[in-house]
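Remarks on the structure that follows.
The values are calculated or read from the model by the stated rules, or taken from the named source; none is laboratory data. On a predicted model such as this, the values are computed, not experimentally measured, just so you know. Here the Cβ positions follow ideal geometry from the backbone for every residue, glycine too, while neighbour counts run over all protein chains shown.
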Amino acid sequence: MISKVITGKSFAGCCRYVCRQEDHVKILYVNGVRDANPKDMAADFEDNRRRLPNKHRAVFHGMLSFHPSDRVTESRMIEIARQYLDRLNITDTQFAIVKHSDKAHQHLHIIANLVNLKGKTVSDSWLGLRGKKVAQALTLEHGLKVAQGSTPKLTPPLRGSEEAIKEEIFSAIATALVLCNSFQHLENVLAHSRIDIMYRQNGKGEVTGLSFRKGKFAFKGSDIHRNFSFAGLQKRFDGERVDLARRVKRSRGLGL
């Protein structure tokens with residue numbers, strides 16, 4: 001499965017393009033927008049975009065192409081598309097999932113609003129590169145074949161830049177969680193990649209959040225991925241409580 005991402009300014013143009021060939025188009029799922037026609041759909045997207053007037057490039061247009069030999073049911077397409085959006089952190093927002101059947105291979109168009117339902121911006125940082133990685137992971141998880149054809153030409157972040165370090169931390173955590181079953185285990189594994197976990201506590205001495213640091217850059221867990229927040233990891237580790245006596249002392253030593 002191949003991912004290609006475009007961001008733009010015009011919901012009207014995007015909805016018109018995606019829904020233009022009625023004989024080969026089927027709207028599979030919508031959230032927060034009407035699906036009767038492209039004009040109404042675009043109007044609903046645009047109404048919500050106006051909640052954040054300074055966000056001009058609010059159009060997310062993602063395309064997922066399957067291998068010609070894959071025959072994916074529509075219900076499974078919806079599942080894959082929603083997982084794709086979720087892993088890109090495009091959540092709590094309007095979106096439409098549209099199936100096209102004008103080519104030999106099955107493919108989807110996904111339109112989403114980068115202004116969410118709370119009127120806040122959805123990060124568009126390196127969506128093309130992240131979309132490619134997410135599509136590769138979903139291809140394996142769903143037992144699909146790698147789609148043939150040219151993959152999007154994506155420029156990776158500059159080595160050592162803030163975005164590059166963020167990508168490194170994301171990949172390291174995602175890989176580590178395959179094996180790790182506790183915060184201590186995760187700390188030990190990430191230490192090999194020179195990534196530190198820094199814990200935040202409230203006035204009662206309870207851990208309420210965490211950040212990941214590598215070199216001079218540090219990111220809240222939820223900024224890397226919502227599942228990498230303290231609450232998300234605690235849930236994954238079956239509600240494990242952090243040993244404050246040890247970890248908070250270590251966090252203070254790291255400058256928190």
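Take the residues in segment 107-153 that are at pLDDT below 80 and in contact with a strand residue (DSSP E or B) (Cβ under 9 Å, 6 or more places away or on another chain), then tell me which one is farthest from P68 (Cα to Cα).
Here the residue is P152.
Within segment 192-205, restricting attention to residues that are touching a Lys or Arg at 6+ places or on another chain (Cβ under 9 Å) and outside any strand (DSSP E or B), the residue that is surrounded by the most Cβ atoms within 10 Å (Cβ to Cβ) is I195. Comparison of R82, R16, R71 shows that the only residue that is among the charged types (D, E, K, R) and assigned to a loop (DSSP other than H, G, I, E, B) is R71. Residues in segment 96-115: is at least one under 12 Å from the mean Cα position of the chain (by Cα), without any contact (Cβ under 8 Å) to a residue 60 or more places away in the chain and surrounded by fewer than 18 Cβ atoms within 10 Å (Cβ to Cβ)? No. Is there a residue being within 24 Å of K9 (Cβ to Cβ), free of Cβ contacts under 8 Å to residues at least 40 places away in the same chain and touching a helix residue (DSSP H, G or I) at 6+ places or on another chain (Cβ under 7 Å) anywhere in segment 53-60? Looking through segment 53-60, none of the residues is within 24 Å of K9 (Cβ to Cβ), free of Cβ contacts under 8 Å to residues at least 40 places away in the same chain and touching a helix residue (DSSP H, G or I) at 6+ places or on another chain (Cβ under 7 Å).
Can you find, within segment 85-95, the residue that is surrounded by the fewest Cβ atoms within 10 Å (Cβ to Cβ) among those that are among the charged types (D, E, K, R) and in a helix (DSSP H, G or I)? The qualifying residue surrounded by the fewest Cβ atoms within 10 Å (Cβ to Cβ) is D86. Scanning segment 24-42 for residues that are in a helix (DSSP H, G or I) and in contact (Cβ under 8 Å) with a residue 12 or more places away in the chain yields a total of 5. Of all the criteria given as (1) within 19 Å of L85 (Cβ to Cβ); (2) buried (at least 20 other Cβ atoms within 10 Å of the Cβ), the one not satisfied by P38 is (1). Across segment 206-230, which residue is surrounded by the fewest Cβ atoms within 10 Å (Cβ to Cβ) among those that are at pLDDT 90 or above and aliphatic (A, V, I, L, M)? Among those that are at pLDDT 90 or above and aliphatic (A, V, I, L, M), it is A218.
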